[in-house]
Amino acid sequence: MLQFILNNKEINTSLPPGMTLLDFIRYHKQLTGTKIGCREGDCGACTVLVGEIKNNELIYMSVTSCLMAIGNAQGKHIVTIEGINLEGLNAVQQAFSDEGATQCGFCTPGFIVSLTGYCMNNKTPSYEAAIDSVNGNICRCTGYKSIERAAAIVNEKIQERNSADPLQFAVSNNVIPAYFLGIKERLTKIPVANDVNSTASAKNLGGGTDLYVQQHDTMEQQAIHFLFDKPALKGIIQNGNFCEMGASATVTNIAESLIFQRHFKELKRYIKLVSSTQIRNMATVAGNFINASPIGDFTIFFLALDAKLRLSDADKKREMPLREFYKGYKQLNKKDSEIIDRISFELPGTNDLFNFEKVCKRTNLDIATVNTAIWLKINGDEIAQAGLSAGGVGPVPAFLEKSSSFLAGKRISTEIIKELISIVQSEITPISDARGTERYKRLLLSQLVKAHFIQLFPSLPLEKILIA
Amino acid sequence: MKNIDSYTHTRGESIYLDDIPLTAGTLFGAVYGSPVAHGKIIKLDLSEAEAMEEVVRVFTYKDIPGNNQIGGIVPDEPLLAEAEVHYDGMPVAFVVATSVEAAQAAVKKIKIEIEKLPVVTDPRVAQKNGSLLVPPRTFKLGDSKSAFLNCVHIIEGIAETNGQEHMYIETQGAYALPAENGALKVYSSTQGPTAVQRHMADVLGIGMHRLEIDVTRLGGGFGGKEDQATSWAIFCALATYHLKKPVKYCLHRMEDMRMTGKRNPYSSDFKIGLDADLKIMAYEAIFFQNGGAAADLSPAVLERTLFHCTNSYFVPNVTATAYSCRTNLPTNTAFRGFGGPQGMFVIEAAIAKAAEQLGVHASEIQQKNLIKTGEEFSYGQNVESEATECWTKAAGLYDIQKINNEIATFNSSNALHKKGMSFMPICFGISFTKILMNQARALVHVYTDGSVTISTGAVEMGQGVNTKMLQVAARIFSIDPARIKVNSTNTYRIANTSPTAASAAADLNGKAVQIACERILERIKEVAAEILKCGADCIAINGEKVSANADVTSLSWNELVMAAYLKRVNLSEHGHYATEGIYFDNTKEKGHPFAYHVYGTAITTVTVDCLRGTYEVDAVKIVHDFGTSMNPLVDKGQIEGGVVQGIGWMTMEEIVYDADGHLRSNALSTYKVPDIYSVPKVLDIHYLETVNDNPAIFRSKAVGEPPLMYGIGTFFALRNAIKAFKPHSDIGFSAPMTPEKLLMGLYNSKND
């Protein structure tokens, strides 16, 4: 039996925990304001808010309900557009109406939910953050300019919040109904994350952002081992020079982690290149590794950093470098019964350099055509040690071993970059597909390798590298 | 006035097809589409699917009581495949089951044996094979052949535009319910309820009068639900006809993308001739349109390509020929612009190529050749032109000198990034080019409490047509808009509708509403005259108050309406409107097909990251000819949305079919439409109020399609930025300009 709160109502259901939240909302609760656009997390029409208590604070995040199992709703507050509606229009709805930010209206509830979620969170408000909150919502009618104007109006209102409690402020400023103020208390009466339906043959499920895209038609009937909310799999901590992450750490957890922010100066730029707000709230790092996509953004990120995985099989645990985890296309170097439970890596030190690059058809909210990361340990004016990884250029997310060892002991120059690129080219085997031709992917990776050095060594002669 | 749906839209209370409460016993359908793009069906094995407990029945062409035919212009498209399949995803069977999941699961159990035939996806190959959907057409003005002899500069080339997925966020769908006496009520997410009704009647072999097609609204259409919505509605109706049970089918996104047609891709040859003053003296073009497996709307799309093949320019000698080519792709179809953008792209490519060879900026050639009032297009229509007006206004208002200087300064001081700009003038003809379609009807009822309902043939799909209909009635009656409701589009209330397309729905249906309201108003004014004892021509109604001889009386709208009812005056009217003065002679390819033209000019600036091959659109600054906009907020939305959709078509939206005709860009994860970060940073619109009289509703010119073509400017601005980095780049004229093409253009040139 699953228990959660849907809008203003406690839910007890024995429906299959693998059912998507979207199907539950629309077809079992007849709440039709949540729309179906793609069922793969790419349009945002089905966006809902998920509230849970973290550090004694009720926090709301937006998710695409098409990719979330109701099993992952256990003990949480699920908010649909109906749960936001007040007597008249709320402040977000009014801004949309005034600015003509709704045309056919099909995507609109998703936008309203996302932006209302922005009004409820406890981060410093800004116009940029307001826009970021709807970056996973696709609109085909408006061209977004009216949505930008509406978001600006909403943001101005939220700027007045100062140090007031976000939920309290949202309630008293016509953003959300008053029942939200009682939710925290009500949630404490519901147990969090029980491991329903766990059997030996159960499928391991994290945030679901890959599994529900690939197997949406079979997941509902599947026995599932829910990992997303396991306390043992949560958390990001620093241990000396090392960072240790629970396997269920999400992209959002990384983005908000002070440890990451301290050690990756450009973290914000990288994160913006990775999926959307809704997906980041659900997608786990271990899920990215296990999915074994040759272009998994965080796989490429952590390959460069030489991250180590801890595989656990009941009580048996062993460690494995991420660089040894991939045997072939979607083939993992692990037993079926093993799960990743922890990830650790050495944090880049003050003398280290790190960069991540990604290019796709659409700059944001897209899957990479090619992505690459680099980690350089610098000693004086020499590279002491290097890690270079690249995705989209072979059957597995690739650690470029020869290229990396070539760099060790080198002083960076245009010639070295040129030599490096020819080694890189010898290490990759891209194929032509919907994301690009083989020729393009080869050229693109060369360009992105140059981009690494242009980013990391601003004093190098830029134009020479460009035409190298 | 705000969009009348904005209240329910923002609250998630607007009802779309999938939100209609289900009637008990509703069954669910799913189509089994051919796994092969071309072949002969040897054997179709339904047994495993039929044996599934939840499956009620699997329908094939054998179950069609009438004609297995849904072709709109040419009867060349079966609803369900019989002996052959002509594209991947072509419907072969329709499964009906007690749940969506079961229907989808049953589809996977169907087996088919197909003898494969050669697959053609390239329109030029199809044309060589003589595989055309309709005979080719040629528009001619003057004598291009001899004019080329006198040209100083002659430039030839090839230009290509890929297709475009409509990506309405609401997928296609329908819900059919049985009614008594063999009638059916069918909810359909269609832009053309009458098309659904007509073809459904033909397939079922029953009269159109038994088919009530109802459309409340669409979650986006863009042309993709003009003809392409029909088959899903008929599948449901066919099953309901046999089973006497409600049947519903909403397509999964991947089914929709695989099985429905898109904007027609084109490959075209051009030849342009200029004199020493850069006047275009001659233009020849051959268009190879990729029509897909059946005609669908492609012949009409092709016609509009020819109409707009010289965009906003006067060219005295034109020969333009167009082939509609049969390929093994889903039937390509209407998409905002309807062939116009494809035609305009080619002449813009010709001008750009000429400019590059002559070492001038394309805008010099563009500006010199803008069409003037009284000059004619190749189809013989003399125009009232606003082209120069728009151009000059844009160049002045947005200070083109400054833009050019800023770009030059930026480019000379930046190695990694380059900027480029372009002008994109547009000229788009308003009217259905099939003359008979330029008619519409509206049913207006005034109720005894003074409230009003309107029904028209227009379908609301976000463009705000219902808001405009309501505005027309509110203005004619001079009453509070809150008293007026616009009803769903329904074939029992409004018969023989034209589809909501060609940007013409507000004009045609608006005029019909106007006519209906004026007639009712006339009758109730007579009643007022009787009450107030004066002539009917002395009566006016303003803000629900009746005036006689300009004096406000105590008689209110409410009282007057009730008085009229008591006097047994007809408070309902069915207005009919047909556009006057338009004609076209297909045998000569000459006439006056358009009620009027819409003009505008966009200046686009972009920045290219020359290291990564990525780009941003800095600004699109527009001067647009609105006539006199009757709803600036709605019209602004149409311009902004159209521009961004056009930019998507020209940049990131790339349809990929493999050689076997399988769609590779078959989901939102592989086909990208613009997101909020990818739109122009600045999008300025200047409302040019043009003084020439026009027959638009309240002189408010149609605004649906024209702005899409501003997006073409992005392609040419990007090209100019590439040239700023690499002057001799051999990058061709092949849209979309994906990051791939752009990077290849920056680095892989033959000339190096």
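None of the figures in this text is laboratory data; all of them are computed from the coordinates on show. Computed from a predicted structure; not experimentally measured. In this analysis, Cβ positions are derived from the backbone assuming ideal geometry, glycine residues included, and neighbour counts consider all displayed protein chains.
How do A:Thr277, B:Thr587 line up, fewest other C-beta atoms within 10 Å first?
Numbers: A:Thr277 26, B:Thr587 5.
So the ranking, lowest neighbour count to highest, is B:Thr587, A:Thr277.
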For a footprinting-style exposure proxy, rank B:Glu284, A:Glu401 by other Cβ within 10 Å, fewest first. A:Glu401, B:Glu284
So how far, in whole Å, is the C-alpha centre of the range A:37-61 from the one of the range A:411-457? 37
Would you kindly calculate the translational diffusion coefficient of chain A, applying Stokes-Einstein with the Kirkwood radius from alpha carbon pairs, for 25 °C and a viscosity of 0.890 mPa s, and quote it in µm² s⁻¹ without decimals? 105
Kirkwood hydrodynamic radius of the protein assembly as shown, from inverse mean 1/r over distinct Cα pairs, in Å: 31.9
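Based on the alpha-carbon gyration tensor of the range B:436-573 and its eigenvalue square roots a ≥ b ≥ c, which shape applies: rounded if a/c is under 1.5, prolate if not and a/b is larger than b/c, or oblate?
Because a/c hits 1.5 or more and a/b exceeds b/c, the range B:436-573 counts as prolate.
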Using amide H atoms built 1.01 Å from N in the peptide plane, name the residues 5+ places from A:Leu400, or on other chains, whose amide H lies under 5 Å from its own. A:Leu388, A:Ser389, A:Ala390
Cα gyration tensor category, rounded, prolate or oblate, for chain B with a/c compared to 1.5: oblate
So how far apart, in nm, are the two label points at A:Arg269 and A:Lys418 if each is 7 Å from Cα heading toward Cβ? 2.6
Say each of B:Glu689 and A:Gln168 gets a label point 7 Å from the Cα, pointing the same way as Cα to Cβ; how far apart are those two points in nm? 5.1
For the pair A:Gln331/B:Asn150, report the inter-label distance in nm, with labels modelled 7 Å from Cα in the Cβ direction. 7.3
Between A:Thr124 and A:Phe242, take the C-beta separation as r, use R0 = 51 Å, and let me know the FRET efficiency to the nearest 0.05. 0.95
Could you tell me how far the Cα centroid of the range B:542-564 sits from the Cα centroid of the range B:416-433, in Å? 50
With just the Cα atoms defining each centre, how far is the range A:261-281 from the range B:482-530? Give it in Å. 53
Expressed in nm², what is the orientationally averaged projection area of the convex hull enclosing the Cα positions of the range B:637-704? 7.3
Other-chain or far-sequence residues with amide H under 5 Å of B:Gly89's (modelled H): B:Ser34, B:Val36
How large is ³J(HN,Hα) for each residue in the range B:407-422, as worked out from phi by the Karplus curve 6.51 cos²θ - 1.76 cosθ + 1.60 (θ = phi - 60°), to whole Hz, x for Gly and Pro? 5, 4, 5, 4, 5, 6, 10, 10, 8, 7, 10, 10, 10, x, 9, 8
Residue-normalised 222 nm signal for chain B, counting each DSSP H run of n ≥ 4 as -39,500 (n - 2.57), nearest 500 deg cm²/dmol, is -9000 deg cm²/dmol
Just to be sure I understand: of the beta bridges DSSP finds with both ends in the range B:430-530, what percent are antiparallel, rounded to 5? 60
For the protein assembly as shown, share of DSSP beta bridges that run antiparallel, in % to the nearest 5: 80
Averaged over peptide B:613-621, how many Cβ atoms belonging to another chain are found within 10 Å of each residue's Cβ? 2
Given backbone amide H placed at 1.01 Å from N, residues whose amide H is under 5 Å from that of B:Ile655, ignoring those fewer than 5 places away on the same chain, are B:Gly163
From the phi of every residue in the range B:598-611, what ³J(HN,Hα) in whole Hz does the Karplus formula 6.51 cos²θ - 1.76 cosθ + 1.60 yield, where θ is phi - 60° and glycine or proline is x? 10, 10, x, 9, 10, 10, 10, 10, 9, 10, 10, 7, 6, 8
Kirkwood hydrodynamic radius for the range B:399-514: how many Å is it when counted over pairs of different Cα atoms? 17.4
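Taking only the Cα atoms of the range B:348-427, how large is their convex hull per residue, in Å³?
Roughly 107 Å³ of hull volume per residue.
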Under 12 Å from the 7 Å Cα→Cβ point of B:Leu358, by amide nitrogen: which residues of the range B:124-160? B:151-155
Residues of the range A:52-70 with amide N under 14 Å of a point placed 7 Å along Cα→Cβ from A:Lys184: A:52-60
Taking the Cβ of each residue in B:Ile539, B:Ile114 as the centre, tally the other Cβ atoms inside 10 Å and list the residues starting with the fewest. B:Ile114, B:Ile539
Got a sec? Charge dipole of chain B, +1 on Cβ for Lys and Arg, -1 for Asp and Glu; which of B:Ile70, B:Gln172, B:Ala295 is way out at the positive end? B:Ile70
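Could you list the trypsin sites (Lys or Arg not before Pro) in the range A:242-304 that lie in coil according to DSSP, counting only those with at most 13 other Cβ atoms within 10 Å of their Cβ? Please report the intermediate quantities before stating the final value.
Details: sites: A:Arg262, A:Lys265, A:Lys268, A:Arg269, A:Lys272, A:Arg280; in loops: A:Lys265.
Answer in residue order: A:Lys265.
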Set Lys and Arg Cβ to +1 and Asp and Glu Cβ to -1, take the dipole of chain A about its Cα centre, and tell me which of A:Val154, A:Thr437, A:Cys107 lies farthest positive. A:Thr437
HN-Hα J couplings of the range B:521-529 from phi, Karplus 6.51/-1.76/1.60, θ = phi - 60°, integer Hz, Gly and Pro as x? 4, 4, 5, 6, 5, 4, 5, 4, 4
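Give the shape of the range A:213-284 as rounded, prolate or oblate, defined through the alpha-carbon gyration tensor: a ≥ b ≥ c are the square roots of its eigenvalues, a/c under 1.5 means rounded, and otherwise the shape is prolate if a/b is larger than b/c and oblate if not.
Because a/c hits 1.5 or more and a/b fails to exceed b/c, the range A:213-284 counts as oblate.
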Determine by what factor the alpha-carbon radius of gyration of the range A:1-97 differs from 2.2 N^0.38 Å, reporting the quotient. 1.07
Pairs beyond 26 Å (Cα-Cα), from A:Lys361/B:Lys419; A:Lys29/B:Lys108; A:Lys358/B:Lys741: A:Lys29/B:Lys108
